[in-house]
Amino acid sequence: MAQKFPFTTWVYNPVSDFTPDELDLWKNCGFTHPMAPRIFNGTSPEEVIPFLDAAEKRGMKLIVGVQGLNIPDRESLPKFILTTEGPEAYEKRFREVYEMLKGHPALYGFYVADEPLGKEFFSAVAECYRIQKKVAPELHPFVNYRSGTYKMDKESFGGVTFEEWFDHIGNDLGISFITLDLYEPMINDDCIPSYFKAIRGTVEAAEKAGAPDVWANLLCSAHYAYRIPTENELRWMVNTAAACGCRGVMWFRFYDRLEGHEYYGSPIDEYGNKTELYYAMMRTQRRLNDHYGEILMSLKRKSTFFLGNDWGGAYPKFDEKSHELINLTTFEDAVVSFFEDEKGTEYMCLVNLNRKSHSTFNVYYDTDKCRLTELTMNGKSEGYMAPTAPDAPWGGFDMYAGQMRMFRIDRI
């Protein structure tokens, strides 16, 4: 079976808040690897088993959070079992929990930490990684990192560069994925360059090392300076992240909570009602997987460019010298990325960066040298994309706000 593009979300609610039927809500919204409701002290980890059973029936995997096995924040580090009692005590506790859930086909991995900062925190995370992979090599420990992690100095990573540290966790420790905070687009346009720079700095380190995959942790819950995204903005964030090489998406967060009223606008409100954002997220996630998810997961990114605005130079600007066969023009902004499959066939992915309205694009190429084929429904539907005529009054094709389109380049 072809691999889908992973979608997950933070779920902070305790296991007692839900029944396993809640997974119907998650499945309908397009999630593939959601977080399970939390196991807090006083609750047996075995209480998550009915949720794992429900996930298996629905073709989903769950990331399980058990209090005591994860480091919630920097302030909790001095009280963490690994710090206070040592690695042996942490391994003993992890083995106890693992033995309760071991072998369940819907168990994807355990939550380890959120937003590490500082040498001690990164060291503790690496030790948790090591222990969890030693005990449960088939699982995928989960850590969410700050967007600026790629810019941190060697001190944070124990004396090595970010790229060397990334290679270590991916290849020495066997970590298969991380998530990366990417909330900047929900502040204002001035923050968008840092969004793209964080993706590029992290994804390129992952690609160089060969692991782990980078999942974009995107924002759908308003708080502080962050606003509620529109459906266009949800689509824009998911599609730009995927086009720039992220291989999964996480959302902060799915449920609002009554005692946290300064956080608002999430897909499910504090009274358990679906908001309009729920339906917008459903359309965004399911549309990506229905059309491009399987294709994207089968490809390797080769290069990424901007058309129009250079967004602070996060990626180079696309011009007539950027690709030997294809040229693109527009009066608007876009991301254009080139990918390659295992046979060496090349693909072009285009995302409209206009978040409010459609944009028009022109594509030019020599029909004696290649053929451009548009793909939808994960390649089940194909359509020949003719080059734009030099005297065409409106250009080659339109794209709505945040839309992605995918093309295969067949050389002749």
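The values are calculated or read from the model by the stated rules, or taken from the named source; none is laboratory data. None of the values given here were measured: they were computed from a predicted structure. Neighbour counts are summed over all protein chains in view; Cβ atoms, including those assigned to glycine, are modelled from backbone coordinates with ideal geometry. Just the protein is used for accessible areas: all its heavy atoms, side chains included, with ligands, DNA and RNA removed. Shrake-Rupley method; radii C 1.70, N 1.55, O 1.52, S 1.80 Å.
A few comments on the model shown:
- If the condition is being in contact with a strand residue (DSSP E or B) (Cβ under 7 Å, 6 or more places away or on another chain), part of a loop (DSSP other than H, G, I, E, B) and surrounded by fewer than 21 Cβ atoms within 10 Å (Cβ to Cβ), then the stretch 141-179 contributes ARG146, SER176.
- Scope the stretch 197-224; condition within 30 Å of GLU270 (Cβ to Cβ), touching a Pro at 6+ places or on another chain (Cβ under 9 Å) and open to solvent by 10 Å² or more (accessible area, probe 1.4 Å); matching residues: none
- The set of residues in the stretch 68-89 being surrounded by 15 or more Cβ atoms within 10 Å (Cβ to Cβ) and in contact with a strand residue (DSSP E or B) (Cβ under 7 Å, 6 or more places away or on another chain) consists of LEU69, ASN70, ILE71, LEU77, PHE80.
Here's the yes/no breakdown for (1) buried (at least 16 other Cβ atoms within 10 Å of the Cβ); (2) within 22 Å of the chain's Cα centre (by Cα):
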{"residue": "PHE5", "(1), (2)": "yes, yes"}
{"residue": "PHE18", "(1), (2)": "yes, no"}
{"residue": "CYS29", "(1), (2)": "yes, yes"}
{"residue": "PRO34", "(1), (2)": "yes, yes"}
{"residue": "ARG38", "(1), (2)": "yes, yes"}
{"residue": "GLU46", "(1), (2)": "no, no"}
{"residue": "ALA54", "(1), (2)": "yes, no"}
{"residue": "LEU62", "(1), (2)": "yes, yes"}
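- Any hit, the stretch 387-397, residues being out of contact with any helix residue (DSSP H, G or I) (no Cβ under 8 Å at 6 or more places or on another chain), at pLDDT 95 or above, under 30 Å from MET186 (Cα atoms) and open to solvent by less than 50 Å² (accessible area, probe 1.4 Å): no
- Only residues that are part of a helix (DSSP H, G or I) and either under 30 Å from GLU155 (Cβ atoms) or in contact (Cβ under 8 Å) with a residue 12 or more places away in the chain (or both) were counted across the stretch 76-128, and they come to 30.
One line per residue, one yes/no per condition, for (1) among the β-branched types (Val, Ile, Thr); (2) under 30 Å from GLN3 (Cβ atoms); (3) in contact with a Pro (Cβ under 9 Å, 6 or more places away or on another chain):
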| position | (1), (2), (3) |
| --- | --- |
| LYS79 | no, no, no |
| ALA113 | no, yes, yes |
| ALA126 | no, yes, no |
| ALA136 | no, yes, no |
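- Only one entry of TYR365, TYR384 meets the criterion of being open to solvent by less than 30 Å² (accessible area, probe 1.4 Å) and either free of Cβ contacts under 8 Å to residues at least 60 places away in the same chain or on the phi > 0 side of the Ramachandran plot (or both), and that entry is TYR365.
- Single match in LYS92, LYS102 (criterion: within 26 Å of GLN3 (Cα to Cα) and surrounded by fewer than 17 Cβ atoms within 10 Å (Cβ to Cβ)): LYS102
- Looking only at the stretch 225-251, and only at residues there that are out of contact with any Leu (no Cβ under 9 Å at 6 or more places or on another chain) and among the hydrophobic types (A, V, I, L, M, F, W, C), the one that is farthest from PRO267 (Cα to Cα): CYS244
- Selection status of ASN239, in a strand (DSSP E or B), under 11 Å from the mean Cα position of the chain (by Cα) and modelled with pLDDT of 95 or more: no
- Of the strands (runs of 3 or more DSSP E) lying entirely inside the stretch 308-412, the ones with 2 or more residues being under 26 Å from TYR195 (Cα atoms) and of a type in the set (Phe, Trp, Tyr) are found at 334-340.
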